[in-house]
Amino acid sequence: MICEENIITVEVAGLIFGDGKAKFIAGPCAVESEEQIYNLAKELKKCGVDILRGGCFKPRTSPYSFQGLGEEGLHYLNEAGKFYGLPIISEFMSIEEVLKFHHLVDIIQIGSRNMYNYPLLRTLGEIDKPVMLKRGFSATYEEWHLASQYIISNGNKKVILAERGIRTFETGTRNTLDITAIPFMKCRTGLPIVCDPSHAVGLREFVEPLAFAALATGADGLMIEVHETPEKALSDGRQSIELKKFPELMDKFRDFQRR
Ligand code: PEP
Ligand code: MN
């Protein structure tokens, strides 16, 4: 294991990020209905997923795209997680959302677009809740590290980083997964780091190989988008793995971990 002596661990509902065993976070890009999230939670729990994801406040590039179900969706996610015994992660985009809703999630996700939102990061430092800080899509390692320090130096040490791909000259994929970030940031910051191959590549057929690359380079977790019917998803269907194919992938991840 890389730089083992530097590793800071972050506990989320009894799961330890940074203990040397990758955690699996999966779920839809967005919570779309109560039925959708309950069904996904049930099936994902069965195949051994550790944490359920689901966006409710969605940072969409276009203001005309589906913006998420907001508070209503967050209640569905929270209740589905409780019902099936899965901790949950969801993104908040504003200080108001953090203050009002942080008690409803187990991890607060800060999205790529908000990595530079310093007032928001400072507020996260004042609350007692794990934060997953995604890398800004054009952030250097130093900028990302310093963004984490806005939270940590303000009092909240429970920060997990997430590499979700960066913008490069390449246009064939949604982003470019910077695999170097995984061992490098783990070593330099001591923080646990999760890889989100779904947003990195944007194409479901490449999520699996990138996920293995992340595990091989020491990622402390994976976050993968899954949907029951990706072609009908309200957001990010093209990168979502079909639910019925996901158990097989989870089996492969576990086999890899046993090696
Ligand atoms: C997401 O995880 O749903 C998301 C919007 O990711 P990112 O902030 O990495 O674009
Ligand atoms: Mn998404």
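Each value in this text was obtained by applying a stated rule to the coordinates, not by laboratory testing. Everything numeric here is computed off the predicted structure, so don't read it as measured data. Cβ sites come from the backbone with ideal geometry, for glycine too, and all protein chains shown count toward neighbours.
Observations, loosely collected:
- ³J(HN,Hα) computed for each position of the range 144-155 - Karplus, 6.51 cos²θ - 1.76 cosθ + 1.60, integer Hz, glycine/proline x: 5, 4, 5, 4, 4, 5, 4, 7, 5, 5, 8, x
- Dipole-positive endmost among 95, 145, 62 within the chain (Cβ charges, Cα centre): 145
- Rounded to the nearest 20 debye, the dipole size of the range 72-168 about its Cα centre is 200 debye, using +1 on the Cβ of Lys and Arg and -1 on the Cβ of Asp and Glu.
- Its Cα gyration tensor gives the chain an equivalent ellipsoid; the semi-axes, largest first and in whole Å, are 24, 22, 19.
- Alpha-carbon centroid distance for the pair the range 87-153 / the range 221-259, whole angstrom: 25
- Residues whose placed amide H lies under 5 Å from that of residue 23, excluding near-sequence neighbours: 221, 222
- Placing a label point 7 Å from the Cα of residue 257 along the Cα-to-Cβ direction, the residues of the range 30-55 with a backbone N closer than 20 Å are 41-54.
- Gyration tensor (alpha-carbon) shape descriptor, the range 129-169, a/c threshold 1.5: oblate
- Only the Cβ atoms of Lys and Arg (+1) and of Asp and Glu (-1) were treated as charged; on that basis the dipole of the chain about its Cα centre amounts to roughly 280 debye.
- Between 209, 179, 155, the Cα set farthest toward the positive side of the dipole of the range 121-259 (charges on each charged residue's Cβ, about the Cα centre) is that of 155.
- Reciprocal mean inverse distance between Cα atoms of the range 148-194 - Kirkwood radius, Å: 12.0
- Value at 222 nm in deg cm²/dmol, rounded to 500, when DSSP H runs of n ≥ 4 in the chain each add -39,500 (n - 2.57): -10500 deg cm²/dmol
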